[in-house]
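These notes are about the structure you will find just below.
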Amino acid sequence: MKVTGTVRKMQTEIQEQVQYYLVFPDQFVHMNQLLDKSITIKHVANECLNCGLDKKIWRQGFCYDCFTAIPQAGDWIMKPELSKAHLDEEDRDLEYEKKVQLQPHIVYLANSSNIKVGVTRKSQIPTRWIDQGAHEAIAILETPNRYLAGISEVALKEHVSDKTNWRKMLTNDVEDVDLLRFRESLLQHLPQEVLPYTLDNAKEWEIEFPVLEYPKKVKSVNLTKTPEHNGVLKGIKGQYLIFNDGHVMNLRSHEGFVIDIEVH
């Protein structure tokens, strides 16, 4: 089997184990079915996810020109506290920003390698947690816009990390923590204006990933430096492919790469 397509983050479906799909315009690959098989991934071209041109990918699957211009890559994406649509103020495209920012957002705790705090749109639960490789997660707040979620995250970052240690996540070196108790200990640190949005009966999620074998150490695959990689697929966690030799490939960092995938 051989398929060619432009990388976007894998689509997921939560079942007993997470199901992963690499989706191209006219076909898709059910990645779980490739576990324990030898595959070759080869970088053959680029395709900016906005303009579609074969240009060097800068960040998030976009070329430099698009990344610095389009609303999908505004600073408020990575820093929700910079959101201004609730003030009717434009960053790059007010119509788009209102559509994304003025909808329910969740402030949450997720445990991928350690407990971290994060923000996502309510519509992205539990996808966001799957993408981070979190084996457990719990919501803290549901706010009506991105700004309020952002200032909550900023306040909580004083007391808990907002980063995932991806190496620990991929070697399954994870902390065992009582998420519910940890959540309760953080409530006192929230800004007064968001307290009405605290969730009283938040459900603790548990997520199982399709991993046959975790590596002891990990080495990152970068198709920019080495355009072709071959290995036996041993697992998928977050948006990473885990190979038998300890190599791991972050598909999010390869968005916009046109690749050939061949199964041997």
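Values computed for the structure shown
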| read-out | value |
| --- | --- |
| Charged-residue dipole, Cβ positions (Lys, Arg, Asp, Glu), region 121-264 about Cα centre, Debye nearest 20 | 380 debye |
| Separation of alpha-carbon centers, region 1-66 and region 199-264, rounded to whole Å | 12 Å |
| Average Cα contact separation per residue, the chain, under 8 Å, 6 or more apart, as relative contact order % | 30 percent |
| For Lys203, Lys116, Lys79, Lys84, order by how many other beta-carbon atoms lie within 10 Å, fewest first | Lys203, Lys79, Lys84, Lys116 |
| 18 Å Cα-Cα reach of Lys163 towards lysines, excluding residues that sit fewer than 8 places from it in its own chain | Lys79, Lys116, Lys237 |
| D_trans [Stokes-Einstein, Kirkwood Rh over alpha-carbon pairs] for region 1-151, 10 °C, 1.306 mPa s, µm² s⁻¹ | 90 µm²/s |
| Of Leu251, Asn46, Gln27, farthest towards positive along the dipole that unit charges on Lys, Arg, Asp, Glu beta carbons give the chain | Asn46 |
| Label-point separation in nm, Lys157 to Leu102, each point 7 Å along Cα→Cβ | 2.6 nm |
| Per-peptide average of other Cβ atoms within 10 Å, ordering 189-197, 246-254 highest first | 246-254, 189-197 |
| Burial ordering of Thr224, Thr127, Thr143, Thr164, fewest other beta-carbon atoms within 10 Å first | Thr224, Thr127, Thr164, Thr143 |
| Fewest-first ranking of Met31, Met1, Met169, using other Cβ atoms within 10 Å as the exposure measure | Met1, Met31, Met169 |
| Net lengthening on full extension, Asp93/Ser185 (0.36 nm per residue, minus Cα-Cα) | 29.3 nm |
| Whichever aspartates and glutamates have a C-alpha closer than 16 Å to that of Lys56, once near sequence neighbours (fewer than 8 apart) are set aside | Glu47, Asp65, Glu255 |
| Whole-Hz couplings from phi, Karplus 6.51/-1.76/1.60, listed for region 133-144; x for Gly and Pro | x, 7, 8, 8, 7, 8, 7, 10, 10, 10, 9, x |
| Amide proton proximity set for Ser220, modelled H, under 5 Å, gap of 5+ | Val248 |
| Debye, to nearest 20: dipole size of the chain, +1 on Lys, Arg Cβ, -1 on Asp, Glu Cβ | 740 debye |
| For region 74-206, size of Cβ-based charge dipole, Lys and Arg +1, Asp and Glu -1, in debye | 220 debye |
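Read-outs: derived from the displayed coordinates by stated rules, not from any lab. Just so you know, these numbers come straight off a predicted model, no measurement behind them. A quick note on method: Cβ atoms are made from the backbone with ideal geometry, for glycine too, and the neighbour counts reach across all protein chains shown.
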